[in-house]
Structure formats: structure tokens, C-alpha cells
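For reference, the structure is listed below as C-alpha cells.
The values are calculated or read from the model by the stated rules, or taken from the named source; none is laboratory data. In this text, all values refer to a predicted model and were calculated from it rather than measured experimentally. FYI the Cβ positions are ideal-geometry reconstructions off the backbone, even for glycines, and counts take in every protein chain you see.
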Amino acid sequence: MRTTWENIAAGECGRWATGTTAVRRRRPSKWASPMALLLAGAWVWAAGAPFSAYGAASKQKSASIAPINTDLSAYEKKFPWKPPQTLIDSLSAKRTDTNYDEAKVQPYVLPGLFDSAGGKITTPAQWEQQRRGELIELFRREVYGVAPPKPDTLAFRTVEADPKAMDGKATLKRVAIGFQLKGEPFTFHLTLFVPNERRGRAPVFLLLNHRGPDNTDPTRKTQSEFWPAEYVIGRGYAVAAINVADEVEPDNAKATTGIRAFYRQHYDKPGELTWGALCAWAWSGSRAMDYFETDPDINPSRVAVIGHSRGGKTSLWAGAQDTRFALTCVNNAGEGGPALARRNFGETLGQITRSFPHWFTPTYANYAKKIDALPVDQHQLVALVAPRAYHGGDASDDLWADPRGSWLSLVEASKVWALYGKAAAMKDEMPLVNDLYVNGPIAYHIREGGHGLTLWDWKLYLDHADQLFKEAGK
């Protein structure tokens with residue numbers, strides 16, 4: 001007798017595989033078939049991810065997605081970053097409980113990077129064997145929570161393939177990533193475009209997309225600057241996305257569906273899992289990494305994870321934990337991402353945990369009024385990416401995300417790259433707006449404009465990746 005999992009899988013093209021992939025060429029795309037859409041929706045529901053409300057919300061937003069503007073001439077001017085007083089005054093008037101004035105930042109003392117319980121860290125081996133594990137556990141306990149391990153039953157299935165996507169420039173793969181607990185299935189999907197004109201296995205950028213799925217439309221009828229797949233393909237990279245809020249975990253403090261609810265219902269020791277939504281989304285990124293290791297078209301040693309805003313917090317936590325990610329790109333992520341929590345500038349720990357308590361483990365909110373008691377700060381999280389590559393990105397007008405706080409965090413964290421001999425310890429002098437700062441595997445940029453993930457951001461992330469990967473080839 002077939003299980004629910006087997007019945008569902010039997011109705012779709014291809015096959016499930018653990019450790020292998022299967023691609024079956026098809027005639028007209030299932031994506032456009034009403035019956036297939038109905039079946040796909042039923043499958044997602046049966047798999048424990050019935051986010052119909054989120055799908056509807058994303059459809060309502062689709063009209064607001066502007067066509068991609070390929071004119072980057074506006075960013076050619078480079079100049080020192082100094083927020084105008086008019087911007088500071090305007091933001092301060094709107095939020096009187098928030099400091100946007102650098103002169104009003106209170107003194108703070110950061111917890112030490114190298115102060116291990118076993119003594120002072122002075123070598124890369126000591127960092128790897130002692131300090132790294134200590135910091136991971138502290139961030140799990142105090143900030144993001146504990147996620148489950150990779151499921152034993154994890155499997156991948158290509159449910160859609162088009163070898164002539166983007167006018168023949170790319171191959172589209174829609175991959176279902178699924179597993180089961182106690183006979184019950186959970187599934188989410190990875191959208192992947194691979195360049196057809198390439199030598200060898202392609203490097204890939206994985207977007208952890210917290211916005212609506214319209215931003216990562218596999219049909220390309222709707223194209224978004226947020227995920228400029230055609231541009232990335234043109235640069236010689238594969239490009240992938242998971243719609244984390246739509247299929248993995250709802251971005252809702254009162255959510256009763258999603259991966260965390262699924263584990264609460266079917267995991268033997270649910271009390272051990274203290275993960276917030278950011279941690280759940282990062283967990284799905286690691287499952288995508290599991291898939292990349294099986295795809296013969298992808299170079300698993302050249303995988304970049306990228307996210308924006310809350311997605312940037314997610315990509316940072318994913319890159320800090322999972323050492324298989326070669327490059328971690330963190331865009332406009334601010335508080336709860338790379339920005340120093342102890343800096344009273346822009347969004348604060350108290351504000352973010354009141355507005356989005358579900359993003360973090362419940363313990364984190366306890367430090368809202370006693371920030372100095374927090375045993376970690378975000379420079380230590382950024383440092384966990386070392387000695388691999390890190391690229392932080394901010395926007396000149398996005399003071400809520402505290403660009404300077406993110407830069408200072410990176411300056412402190414650079415000491416760990418210096419310990420490895422991979423980069424020079426950095427000085428406190430922010431790069432010019434619209435410029436790309438590169439220090440070995442470390443990069444940073446601050447783009448002119450407001451909160452967003454733009455084509456210029458993507459250009460700079462790809463420029464950095466070119467420098468990282470050119471010696472090994474693409």
C-alpha cells in the first residue's frame with residue numbers, strides 16, 4: 001500500500017531521488033496547465049506548507065513590480081557618505097523613539113572576538129576548534145534558536161525542466177525538496193536557472209526570498225530587479241531562489257502552518273527546537289545546498305547565498321553556520337543582521353523583537369532593556385563566515401538599517417580573516433557611496449538610495465564573485 005508521499009510523487013513527472021537528480025524533458029510546460037497548478041497546490045497542501053494566504057498576497061503585489069531598469073549610469077558617481085541633515089530630521093520626526101544622529105550614539109563595549117572559555121584565541125586552529133563552536137551555540141541559544149538536523153529522508157525531484165528557457169540561454173529546473181517525519185511529508189521548491197553557454201559546472205547565487213513569489217517568477221513573464229535572473233545568467237552564473245515565506249515558514253507571529261509547526265507535530269523531541277522564522281528560512285537554504293551537491297550542472301564549491309533585509313539576516317545566519325557556502329551576501333539587513341546591536345542607532349533590539357518576535361528565539365527579547373548583558377554581538381556573527389567570503393551591502397538613505405553599524409561590525413570581524421592571513425584587519429573609514437570595497441574575500445558597498453535590492457547591488461555582488469572564483473574558473 002502506498003503512503004501519501006508515494007501517491008503524491010507518482011502523479012508528477014520525473015522521480016524522487018536521494019543524492020541524485022532526475023530531469024525529464026517535457027513538452028508544453030506544466031506551469032501553464034490549470035490541472036497541473038491544481039495538483040501542485042494540492043501537493044503543497046498535503047506536504048504541510050498550505051500558505052494560500054501568502055500566495056494571494058503576493059499576487060496582489062505583482063502589479064507593483066516594475067520592469068528591470070538596466071541603466072546603471074546613475075551609480076557611476078562616487079562620493080563620501082554623509083546623511084543629509086534634512087534626512088535625519090525627517091526620519092527623527094517620524095520616529096521619536098529612534099536615534100538617527102551619529103552624535104547621539106552612546107558609548108558601548110563589544111564582547112571580545114577571541115575571548116574563549118578555554119583562553120585567548122591566537123591561531124586559526126584554536127578559532128576552528130574552540131571559539132567558532134562557542135559562538136555558534138551562543139547565537140543559537142540567545143538569538144536565532146536551534147534548528148533540526150538534515151532529515152534522513154531528504155530527497156529531491158525535478159518537477160519542471162525547460163532546456164530552452166530565456167530564449168535558449170538557460171535551462172530552467174523546478175526542484176521539489178522534500179522529506180517525511182513519521183510518514184507525513186513536507187515539501188518546498190527551488191527555482192533554478194543554469195546558463196547553457198558555460199565551461200564546466202556553474203557557480204550559483206541562491207536568493208532566500210522573503211517577498212512574494214512574483215519576484216522569482218520561473219515563467220519570466222514577471223521580472224523583478226530583486227532577482228534579475230537574466231542578468232545573472234548573462235554574467236555566467238546560475239541563479240536560484242527559494243520563496244521562504246511562501247513555502248517554508250510564514251512570516252507571521254501567529255502562524256499555525258509551516259516547517260516549525262510541522263516539526264512540532266511530528267518530531268520526537270520538539271522541545272529541543274527553539275528556532276525562529278529566520279532560522280527556519282536559513283535551514284531551507286542549507287537543504288538547497290544539499291541539492292546543489294547532487295546537481296552535475298552546479299559547482300558546489302562556488303555557491304553564494306544572498307538575502308535582502310530580513311532575508312539578509314537569514315543569509316547571514318545561513319552563511320555563518322553552513323561552511324559549504326563559499327560567499328555570503330547580506331543586503332540592507334541591519335538590526336538582527338550585521339549591524340551592531342549595542343549601537344543605539346536606527347532600529348533597536350527592543351523594536352525588532354516587539355515587531356517581529358517570531359523571527360528569533362524567545363530568549364532574545366529578554367535583552368531589550370539590558371543590551372549590555374547580551375553575551376554576543378553581531379560582529380561575532382559576521383566573523384563566523386571567516387575565512388570564507390563575505391559581502392555586506394547597504395543603502396545611503398536606509399538609516400533604519402544603520403549602515404555604519406554594519407560597517408563597524410565588519411571592521412571588527414575582519415580581525416578573524418586577518419588571523420587566517422586571508423585579509424588585512426580593516427580601519428574605520430567607510431567606502432565611497434556606489435563604490436566596491438574589496439579586501440581579499442571581504443567586500444562591502446553602500447549604494448545610493450533607499451532600502452532595496454537593486455540591479456546595481458547585484459552587479460557589485462557578481463563583481464566580487466568574479467574576483468573570488470576567477471582563479472578556479474567558472
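Is there a residue in the stretch 138-149 that is within 24 Å of the chain's Cα centre (by Cα), free of Cβ contacts under 8 Å to residues at least 24 places away in the same chain and either in a loop (DSSP other than H, G, I, E, B) or buried (at least 16 other Cβ atoms within 10 Å of the Cβ) (or both)?
Among the residues of the stretch 138-149, at least one is within 24 Å of the chain's Cα centre (by Cα), free of Cβ contacts under 8 Å to residues at least 24 places away in the same chain and either in a loop (DSSP other than H, G, I, E, B) or buried (at least 16 other Cβ atoms within 10 Å of the Cβ) (or both), which makes the answer yes.
Conditions tested, residue by residue: (1) free of Cβ contacts under 8 Å to residues at least 40 places away in the same chain; (2) surrounded by fewer than 17 Cβ atoms within 10 Å (Cβ to Cβ); (3) closer than 30 Å to LYS470 by Cα; (4) not aromatic (Phe, Trp, Tyr).
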position: LYS269; (1), (2), (3), (4): yes, yes, no, yes
position: ALA288; (1), (2), (3), (4): no, no, yes, yes
position: PHE292; (1), (2), (3), (4): no, no, yes, no
position: PRO296; (1), (2), (3), (4): no, yes, yes, yes
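The set of residues in the stretch 417-457 that are crowded, with 20+ Cβ neighbours inside 10 Å and out of contact with any strand residue (DSSP E or B) (no Cβ under 8 Å at 6 or more places or on another chain) contains only LEU419. The condition (being touching a Lys or Arg at 6+ places or on another chain (Cβ under 9 Å) and modelled with pLDDT of 95 or more) is satisfied by just one residue among PHE114, PHE139: PHE114. I'd like the full set of residues that are among the charged types (D, E, K, R) and either part of a helix (DSSP H, G or I) or within 12 Å of VAL382 (Cβ to Cβ) (or both), limited to the stretch 400-442. Hits for the stretch 400-442 are ARG404, GLU412, LYS415. Of the numbered criteria (1) more than 20 Å from the chain's Cα centre (by Cα); (2) surrounded by fewer than 21 Cβ atoms within 10 Å (Cβ to Cβ), the one ARG388 fails is (1). Looking across ASP101, ASP97, ASP71, ASP89, one residue alone is of a type in the set (Asp, Glu) and under 27 Å from the mean Cα position of the chain (by Cα). It is ASP71.
Please verify whether GLN351 is over 30 Å from VAL303 (Cβ atoms), assigned to a helix (DSSP H, G or I) and within 22 Å of the chain's Cα centre (by Cα), treating the condition exactly as stated. Here the answer is yes, as GLN351 does meet what is asked. Would you point out which residue out of SER355, SER315, SER396, SER301 is among the polar types (S, T, N, Q) and surrounded by 20 or more Cβ atoms within 10 Å (Cβ to Cβ)? It is SER315. Scanning the stretch 80-113 for residues that are loosely packed, with under 10 Cβ neighbours inside 10 Å and small (Gly, Ala, Ser) returns ALA93, ALA103.
Say we look at the stretch 399-416 and pick out the residues that are of a type in the set (S, T, N, Q) and either touching a residue at least 40 places away in the same chain (Cβ under 8 Å) or under 21 Å from SER355 (Cβ atoms) (or both); which of these is surrounded by the most Cβ atoms within 10 Å (Cβ to Cβ)?
In the first step, residues of the stretch 399-416 are kept if they are of a type in the set (S, T, N, Q); the result is 406, 409, 414.
Pick out the ones that are also either touching a residue at least 40 places away in the same chain (Cβ under 8 Å) or under 21 Å from SER355 (Cβ atoms) (or both) and you get 406, 409.
On the way: SER406: 30, SER409: 26.
Among them, the one singled out is SER406.
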